[in-house]
Amino acid sequence: VTGTWMASTTVPCTYVPSEGFTEQTLSWSVERDSSISTIFRRDDSGDHILLSKFRGRVSVPKHSPGDASLFIENLEMPDSGHYTCQVIWRSTDNSLITREVTTTVKVVKEVNPPSSSWDFPSSLHQS
């Protein structure tokens, strides 16, 4: 996933909800310079943003089962890294199942914004 500096991006993490399995915990961590930090954790007690530099900038959909994607706003250059989404489900027989998916995020500064974005559609011009 490539994101533009100061813009926002979504790091995808989706699954198919299945009957008999309930989501226990969902966590997002990021690996940078060979150190791993947990950004976000959702459990029975609610949503927790554990890294202060992401506070107020990240969110995960609440009421869409199967979508655990991480939305990051106001991207900063140091946000680049390997993001891992980990979901743990509990089945009806109380066993736990863990799935992880890792996505690389690269934050880039937009070098040359397309000049066309400054052209107004002709329909806006008064005739």
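The values are calculated or read from the model by the stated rules, or taken from the named source; none is laboratory data. Treat the numbers as computed from the prediction; the structure is a model and nothing was measured. Note that each Cβ is placed from the backbone with ideal geometry, even for glycine, and that neighbours are counted across all protein chains shown. What goes into the accessible areas is simple: the full protein's heavy atoms, side chains included, and nothing from ligands, DNA or RNA. Shrake-Rupley method; radii C 1.70, N 1.55, O 1.52, S 1.80 Å.
Pairing residues of region 53-65 that are free of Cβ contacts under 8 Å to residues at least 24 places away in the same chain with residues that are open to solvent by 50 Å² or more (accessible area, probe 1.4 Å) and among the polar types (S, T, N, Q), at Cβ distances under 6 Å and at least 6 apart in sequence or on separate chains, gives Arg57/Asn74. Residues that are assigned to a strand (DSSP E or B), closer than 18 Å to Thr102 by Cβ and of a type outside the set (A, V, I, L, M) were ranked within region 14-32; the one that is most open to solvent (accessible area, probe 1.4 Å) is Thr14. Any idea how many residues of region 30-46 are farther than 26 Å from Met77 by Cβ and of a type outside the set (Ser, Thr, Tyr)? The total comes to 4.
Criterion first (assigned to a helix (DSSP H, G or I) and either modelled with pLDDT of 95 or more or surrounded by 10 or more Cβ atoms within 10 Å (Cβ to Cβ) (or both)) does Pro78 satisfy it? So Pro78 passes the test. In region 95-110, the residues that are touching a residue at least 12 places away in the same chain (Cβ under 8 Å) form Cβ pairs under 7 Å with partners that are loosely packed, with under 12 Cβ neighbours inside 10 Å, at six or more places apart or across chains, as follows: Lys106/Thr2; Val107/Met77; Val108/Thr2. Of all residues in region 13-32, those that are on the phi > 0 side of the Ramachandran plot have Cβ atoms under 9 Å from Cβ atoms of residues that are hydroxyl-bearing (Ser, Thr, Tyr), 6 or more apart or on another chain, in Gly20/Ser91; Gly20/Thr92.
Can you spot a residue in region 94-102 that is open to solvent by 30 Å² or more (accessible area, probe 1.4 Å), in contact with a helix residue (DSSP H, G or I) (Cβ under 9 Å, 6 or more places away or on another chain), among the charged types (D, E, K, R) and at pLDDT 95 or above? Walk me through it before giving the result.
Going through region 94-102, the residues open to solvent by 30 Å² or more (accessible area, probe 1.4 Å) turn out to be 94-102.
Remaining after also requiring in contact with a helix residue (DSSP H, G or I) (Cβ under 9 Å, 6 or more places away or on another chain): none.
For region 94-102, residues open to solvent by 30 Å² or more (accessible area, probe 1.4 Å), in contact with a helix residue (DSSP H, G or I) (Cβ under 9 Å, 6 or more places away or on another chain), among the charged types (D, E, K, R) and at pLDDT 95 or above: absent.
Considering every residue within region 66-74, establish whether at least one is assigned to a strand (DSSP E or B), open to solvent by 50 Å² or more (accessible area, probe 1.4 Å), more than 30 Å from Glu110 (Cβ to Cβ) and at pLDDT 95 or above. Checking region 66-74: not a single residue is assigned to a strand (DSSP E or B), open to solvent by 50 Å² or more (accessible area, probe 1.4 Å), more than 30 Å from Glu110 (Cβ to Cβ) and at pLDDT 95 or above. Candidates in region 33-49 are the residues that are open to solvent by 90 Å² or more (accessible area, probe 1.4 Å) and not hydroxyl-bearing (Ser, Thr, Tyr); of these, the one that is farthest from Gly66 (Cα to Cα) is Asp33.
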